[in-house]
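No value in this document is a laboratory result; all are computed from the given coordinates. Quantities reported herein were computed from a predicted structural model and do not represent experimental measurements. In this analysis, Cβ positions are derived from the backbone assuming ideal geometry, glycine residues included, and neighbour counts consider all displayed protein chains.
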Amino acid sequence: MNNKLLEKAFDPESFRSKGHQLADQLADLLGDSLNGKGKVTLAQSPDLLYEHWNNQTNQRISTKDYFQKVIDQSINLHHPHYIGHQVSVPLPFGALATTLTSLLNNGMGIYEMGECATAIEKVVVDVFCKQVGYANGNGILTSGSLATLTALLSARARYQDIQIWEKGTHEQYCVLASDMAHYCVERAVRIMGWGAEGIIKVPVNDQYAMGTSRLSELYEASIEQGKKVIAIVGSAPCTATGSYDNFKQIAQFCEAYNIWFHIDGAHGGPAVFSEKYNVSVP
C-alpha cells in the first residue's frame, strides 16, 4: 500500500478539519429540522437510489459533498413531522459519543480490548437493574432482537437436563408468547432449532395484552403434545399497540410452574425511569 495515502488517511489535522465540517453540516441539519424546514423523507425508490450510489463509485467527490448527499437522502428523525417508527430520535450528545466509540473501536469481546467500555457497561446495567428492582441483576447491552435470543438461550441453559450445546436438540422445546409479541421472539425460537412448533401463541384480550386466562390451558395442551415449555415471554409493550402484558399474573404462573419469565422491554422498558409512564406492574 502507498505509505503516503496511508499517512493521509490517518492525518490528525485532516480529521480535525473534516470533523468540524461535518459537525457544522449536522448542526445546520438539526437547526433546520427542529424549525420544521424541509421534509422528513424524499421517499425515493430503491432502484433510483441504488443507481445513484452505484454511479458514485466511479466519480470523485469531496467529503463534504458525500456527507451532504447522505444527509439529503436519509430520513430526518428530528423533523416535527416525523412519527416514531421504532427508531427513536437521537440526542445530539449521543451522536458525539458514537463518534468517540467509533474512532476508539474498543471491541468488548474480551476485557483486554474494551476495558473502559466494559466498566461503563457494567455501571449502566447496574443502574437498570436497580431501577427495575433486581437485587442481584446482571447482563449485557445489545440489540433488541439479539437480546431476546440471548434471554431465551439463558432460559434454556437454566434447565440442567437440556444439554443442547453438547448433544443437540432431541426434544420439542417451546415458549409461550402473546400472538402480538414482536417477531423477534418467533425468530429466536426458530434460530434455536425448535421450528414453528417452538412458539405457542397466546391470544390477546380486548386491550391487546396477553390473555393470561389461557395460560394454563395452553400450557397443559403443550405438555400433552410432548413439548417442554421452558419460558414465557411478556411484552413491554406490544410493538403494534403499546399495550403492556400483565406481568404480575404471568410471574405468578411462571413461579407456580417453575418456568423462566422473560420480559421484552426493548420499546417500553425505559419507562421504569419515568414517574408518569412507569407501568411495569399493571
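Key figures
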{"item": "Kirkwood-based shape ratio for the range 159-277, expressed as Rg/Rh from alpha carbons", "result": "0.98"}
{"item": "Cβ crowding within 10 Å averaged over residues, with 43-49, 185-191 ranked highest first", "result": "185-191, 43-49"}
{"item": "Most to least packed among 80-87, 174-181, 116-123, 236-243 [average Cβ atoms within 10 Å]", "result": "174-181, 236-243, 116-123, 80-87"}
{"item": "Calculated log₁₀ intensity ratio I(q)/I(0) where the Debye formula runs over C-alpha points of the range 3-104, q = 0.11, 0.16, 0.21 Å⁻¹", "result": "-0.45, -0.92, -1.30"}
{"item": "Peptide ranges 6-15, 63-72 listed from the most packed, as the mean C-beta count within 10 angstrom indicates", "result": "63-72, 6-15"}
{"item": "P(r) tail fraction, the chain - alpha-carbon pairs more than 33 Å apart, %", "result": "42 percent"}
{"item": "Taking the C-alpha atoms of the range 72-218, convex hull volume expressed per residue in Å³", "result": "218 Å³"}
{"item": "Theoretical ellipticity at 222 nm over the chain - DSSP helices of four or more residues, -39500 (n - 2.57) apiece, nearest 500", "result": "-14500 deg cm²/dmol"}
